[in-house]
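The values are calculated or read from the model by the stated rules, or taken from the named source; none is laboratory data. On a predicted model such as this, the values are computed, not experimentally measured, just so you know. Here the Cβ positions follow ideal geometry from the backbone for every residue, glycine too, while neighbour counts run over all protein chains shown. Keep in mind that these areas ignore ligands, DNA and RNA; they rest on the heavy atoms of the full protein, side chains included. Shrake-Rupley method; radii C 1.70, N 1.55, O 1.52, S 1.80 Å.
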Amino acid sequence: MAEANWYVVHTYSGYENKVKANIEKTIENRHLEEEILEVRVPLQEVVEMKNGAKKTVQKKMFPGYVLVNMVMNDDTWYVVRNTRGVTGFVGPGSKPVPLTEAEMKPLGIKAENVSIDFTEGDSVAVVAGVWKDTVGIVQKLDMSKQTATINVELFGRETPVEIGFEEVRRLQ
């Protein structure tokens, strides 16, 4: 079986959630669960000021776009392309181009799961990035984002820092 990749689908602005629901309904009706794995409308939390009060709201990261994790073949292409509200795939001509791993990382999407040998409460050393050579204790693990929140000492006080799994090693 071919490998599933993430593709960007262009939609009418404001139709993102409707397109997501329509694609998911079609997956269910045509039994394409093995070929179209996930449909996402990327959201981000934004703090807005309304009537002098701060309010956290969810906003679409890319209005007019939906992300689809699927195995590209004639059937899946046809289903997604002919969903009401979809104007086409992002890519040159009629050939959809999958997202690269570098493009997926800021969206919180990881291509493969990294196996880890530490859990909450373990002491770890940071082996890459800004916090390289720092030692801290794991406070929280986020498997979906594949990050660990560790407490590091900064200016004499404990500060929580979120670091990717691949940048952390367990201390023996």
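Within segment 93-125, the set of residues being assigned to a loop (DSSP other than H, G, I, E, B), open to solvent by 90 Å² or more (accessible area, probe 1.4 Å) and modelled with pLDDT under 85 comprises Ser94, Lys95, Glu112, Asn113, Ser115, Asp117.
For segment 33-52, a residue qualifies if it is over 19 Å from Gly88 (Cβ atoms), aliphatic (A, V, I, L, M) and either open to solvent by 50 Å² or more (accessible area, probe 1.4 Å) or in contact (Cβ under 8 Å) with a residue 24 or more places away in the chain (or both), and the qualifying residues are Leu37, Leu43, Val47, Met49. State whether the residues of segment 72-91 include one that is small (Gly, Ala, Ser) and surrounded by 15 or more Cβ atoms within 10 Å (Cβ to Cβ). Looking for residues that are small (Gly, Ala, Ser) and surrounded by 15 or more Cβ atoms within 10 Å (Cβ to Cβ), one finds at least one in segment 72-91, hence yes.
Scanning segment 30-51 for residues that are touching a Ser or Thr at 6+ places or on another chain (Cβ under 6 Å), at pLDDT below 90 and either aromatic (Phe, Trp, Tyr) or more than 26 Å from Glu101 (Cα to Cα) (or both) turns up at least one hit. Taking the conditions exactly as written (β-branched (Val, Ile, Thr) and open to solvent by 30 Å² or more (accessible area, probe 1.4 Å)), does Ile137 satisfy them or not? Yes; evaluated as a whole, the condition is true for this residue.
In segment 16-32, which residues are under 18 Å from Met61 (Cα atoms) and open to solvent by 60 Å² or more (accessible area, probe 1.4 Å)? Of everything in segment 16-32, those that are under 18 Å from Met61 (Cα atoms) and open to solvent by 60 Å² or more (accessible area, probe 1.4 Å) turn out to be Asn17, Lys18.
Scanning segment 126-134 turns up at least one residue that is touching a Gly at 6+ places or on another chain (Cβ under 8 Å) and part of a strand (DSSP E or B).
Taking the criterion of being hydrophobic (A, V, I, L, M, F, W, C) and in a helix (DSSP H, G or I), the residues of segment 77-92 that qualify are Trp77, Val79, Val80. Of the strands (runs of 3 or more DSSP E) lying entirely inside segment 1-76, those containing at least 3 residues that are of a type outside the set (Phe, Trp, Tyr) and touching a helix residue (DSSP H, G or I) at 6+ places or on another chain (Cβ under 8 Å) span 36-40, 65-70. The residues of segment 154-172 that are at pLDDT below 85, exposed (fewer than 11 other Cβ atoms within 10 Å of the Cβ) and either hydrophobic (A, V, I, L, M, F, W, C) or part of a strand (DSSP E or B) (or both) amount to a single one, Phe155. Residues that are modelled with pLDDT under 90 and among the acidic types (Asp, Glu) within segment 3-28 comprise just one, Glu3.
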